[in-house]
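Novice: Let me begin by handing over the structure; questions about it come next.
None of the figures in this text is laboratory data; all of them are computed from the coordinates on show. This is a predicted model, so every value here is computed, not measured. FYI the Cβ positions are ideal-geometry reconstructions off the backbone, even for glycines, and counts take in every protein chain you see.
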Amino acid sequence: MILTLNAGATGLIDEIGERIPKDIAPTKKYGTDYVILPYQPNPVAVMTQLGMDMYQIYDKDRDGALLREMPVMKGIRNVKDMQLGMCITGTALLDYWVAYTADKFKMPFAGGTTAVSQIGYAPYLQTGQLKGLMGGMKGAADYELLIDAKEKGTAGLDALSLAHIMVIGLIVVANIMMFWLKYL
Amino acid sequence: MTLIKKHIPLAICFIVGILTLSSYYVPTQASEKYVESMNKWENIVAGFAFLLGLFSLFFSHTRKITRRVDGWGYSLFVFVGFLAMVVPAIVSNGKQMVGADLTGLGWGYRFLFNALSGTMFSVLAFYIVSTAYRAFRIKSLQAGVLFAAALVLMLAKVPLGQMIWETLFGWTGGWDIAQIGQWLMDVPAVAGKRGIMMGLAIGGIVTALKIIFGIERQYMGKD
């Protein structure tokens, strides 16, 4: 099940939906192996409802087909019937998934966040509330290496490295200048 | 009047608050049904809130344009941006692709929204450098420790940093920058984060109880 709870990310979901049959997983069939759900506006209500009877809030897929009749949904009533949930986000939504879905309904959960947010999720990793976490572009590159599918994460590492070194260099030079002006 | 404006809203807030709170901790079939209907209502209200927000945004920017306040030209772009995405979305029935072709919405999302979002995020890099320098000015021992920790983390986070560390300090043997970075993240940073999380949680509980019991009434307005 692929879904977004961020209005600005609906286009991203469409792009993923378009790429799955082309290059991400060409052998997987829509409706049988995966399904894309429509956008819903209230994240907390959706997350809570996914732990009870999810068809009360998602009765159709994004194209209007009945969800219950799809083979991929056979035997699925809520997140307790799923093996893993994963939230890839640049917002704080992962916090909500942990609190309202993963913890409450005992669903194994993992996440992918920006590098800046990664540190905020370390307590969840230590307690096992998150089973795994991809932090920033390096995390994405590590994951790509793990599954042997090098893509944008790996490609971006050069730029990321240079940007980090540049920032470090600028801070060091600025501090040297500060000392120079102050003491010499 | 006080009954309608004060006592009834307070009673609704108290009853709904207590019911929702207890339904979280007492998972029965009845509480599940209650939460289900609340979730549906929340989604409906959130949908209308979108609409309300949109009207409010339009009124606010229309006022800026008609009164020619400072920077009113930027307000025009609110309408341009809105129409640039909404009109193609209606025309293409919300679909980004038809077969192998991009619709107007798909084109707008890919070549306008994505590009502009990327630009906004990239501009942040310059602010980060400027803020980083201000934060990492080594004016005291504490600032020095902060800078050292940041330096180690930044080096640990990228392969080039790890290579530089290896070249400079590889001879020391056991001092792996990735491990030092991980220790910083796992121990001191997590300790601080836990403290913040606990504080936030306690604050959240107290605020929620104050709202449920009618001590905090700002949501009712000034009257």
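Novice: Find which of B:GLY106, B:VAL80, B:GLY94 sits farthest along the positive direction of the dipole of region B:44-170, computed with +1 on the beta-carbon of Lys and Arg, -1 on that of Asp and Glu, about the Cα centre.
Specialist: So the residue we want is B:VAL80.
Novice: According to the square roots a ≥ b ≥ c of the eigenvalues of the Cα gyration tensor, what is the shape class of chain B, taking rounded for a/c under 1.5, prolate for a/b larger than b/c otherwise, and oblate for the remainder?
Specialist: Oblate, because a/c is 1.5 or more while a/b does not exceed b/c.
Novice: Amide H to amide H under 5 Å from A:LEU133: which residues, 5+ apart in sequence or cross-chain, H placed 1.01 Å off N in plane?
Specialist: A:GLY111
Novice: Among A:108-119, B:131-142, what's the highest-first ranking by average C-beta atoms within 10 angstrom per residue?
Specialist: Ranking the peptides A:108-119, B:131-142 by packing returns A:108-119, B:131-142.
Novice: If you don't mind, there's one more thing I want to ask. In degrees from 0 to 90, rounded to the nearest 10, what is the angle of the helix A:136-146 Cα long axis to the longest principal axis of chain A?
Specialist: Tilt relative to chain A: about 60 degrees.
Novice: Treating the angle as unsigned and between 0 and 90°, give the value, to the nearest 10°, between the Cα long axis of helix A:157-183 and the longest Cα principal axis of chain A.
Specialist: 40
Novice: Expressed as an acute angle from 0 to 90° and rounded to the nearest 10, what is the orientation of the C-alpha long axis of helix A:10-19 relative to the principal long axis of chain A?
Specialist: Taking Cα atoms only, the helix is inclined about 80 degrees.
Novice: May I ask for the distance between the Cα centers of region A:8-57 and region A:120-184, given as a whole number of Å?
Specialist: 30
Novice: Taking the Cα centre of the protein assembly as shown as origin, sum charge times position over the Cβ atoms of Lys and Arg (+1) and Asp and Glu (-1), and report the length of that vector in debye to the nearest 20.
Specialist: It works out to roughly 1280 debye.
Novice: Counting only residues 5 or more places away or on other chains, whose amide H sits under 5 Å from the amide H of A:ILE88 once H atoms are built in the peptide plane?
Specialist: A:GLY112
Novice: Which far-off residues, 5 or more places away or on another chain, put their amide H under 5 Å from the one on A:ILE2, with H placed in the peptide plane?
Specialist: Correct list: A:VAL35, A:ILE36, A:LEU37.
Novice: Continuing with this model, one more query. By the gyration tensor of its Cα atoms, with a ≥ b ≥ c the square roots of the eigenvalues, what is the shape of region A:14-166: rounded for a/c under 1.5, prolate for a/b over b/c, or oblate? Can you show the working numbers first?
Specialist: Working: a/c = 2.20, a/b = 1.38, b/c = 1.59.
It is oblate, given that a/c is not under 1.5 and a/b is not larger than b/c.
Novice: If each of B:THR207 and B:LEU146 carries a label point 7 Å out from its Cα toward its Cβ, how far apart are those two points in nm?
Specialist: It is 2.5 nm.
Novice: How many times 2.2 N^0.38 Å is the alpha carbon radius of gyration of region A:1-82?
Specialist: 1.08
Novice: In this model, which of A:LYS28/B:LYS157; B:LYS40/B:LYS157; A:LYS104/A:LYS150; A:LYS74/A:LYS104; B:LYS33/B:LYS210; A:LYS152/B:LYS139 are farther than 32 Å apart at the alpha-carbon?
Specialist: A:LYS28/B:LYS157; B:LYS40/B:LYS157; A:LYS104/A:LYS150; A:LYS152/B:LYS139
Novice: Percent antiparallel among DSSP beta bridges with both residues in chain A, to the nearest 5? Provide the component values of the computation, followed by the final result.
Specialist: On the way: 1 of 11 bridges.
Here the antiparallel bridges make up roughly 10 percent for chain A.
Novice: Turning to a different aspect of this structure: Identify all aspartates and glutamates with a Cα-Cα distance to B:LYS95 below 20 Å; exclude those on the same chain that are fewer than 8 residues away in sequence.
Specialist: Answer for B:LYS95, where 20 Å is the Cα cut-off: A:ASP14, A:GLU15, A:GLU18, A:ASP59, A:ASP61, A:ASP63, listed by chain and number.
Novice: So, one more: Hey, fewest Cβ within 10 Å first, where do A:MET52, B:MET38, B:MET120 land in order?
Specialist: The order, fewest Cβ neighbours first, is B:MET120, B:MET38, A:MET52.
Novice: Residue-wise, which Karplus ³J(HN,Hα) couplings in Hz belong to region A:53-68, taking 6.51 cos²θ - 1.76 cosθ + 1.60, θ = phi - 60°, and x for glycine or proline?
Specialist: Values per residue, Gly and Pro as x: 10, 5, 6, 5, 10, 10, 9, 10, 7, 5, 9, x, 7, 5, 5, 4 Hz.
Novice: In terms of the Cα gyration tensor, with a ≥ b ≥ c the square roots of its eigenvalues, is the protein assembly as shown rounded because a/c is under 1.5, prolate because a/b exceeds b/c, or oblate?
Specialist: It comes out rounded by the Cα gyration axes.
Novice: Within the protein assembly as shown, what percent of beta bridges assigned by DSSP are antiparallel, to the nearest 5?
Specialist: If I count the DSSP bridges inside the protein assembly as shown, around 25 percent turn out antiparallel.
Novice: Setting aside same-chain residues fewer than 8 positions from B:LYS5, which aspartates and glutamates have a Cα under 16 Å from its Cα?
Specialist: Reachable aspartates and glutamates: B:GLU216, B:ASP223.
Novice: Hey, another quick one. Nearest 0.05, what FRET efficiency do B:PHE121 and B:MET1 give at R0 = 45 Å with Cβ-Cβ as r?
Specialist: Calculated transfer efficiency: 0.35.
Novice: Span-like helices, chain B: DSSP H, alpha-carbon axial extent 20 Å or more, mean Kyte-Doolittle 1.0 or greater, which ones?
Specialist: Helices meeting the criterion: B:8-25, B:72-91, B:141-157, B:190-212.
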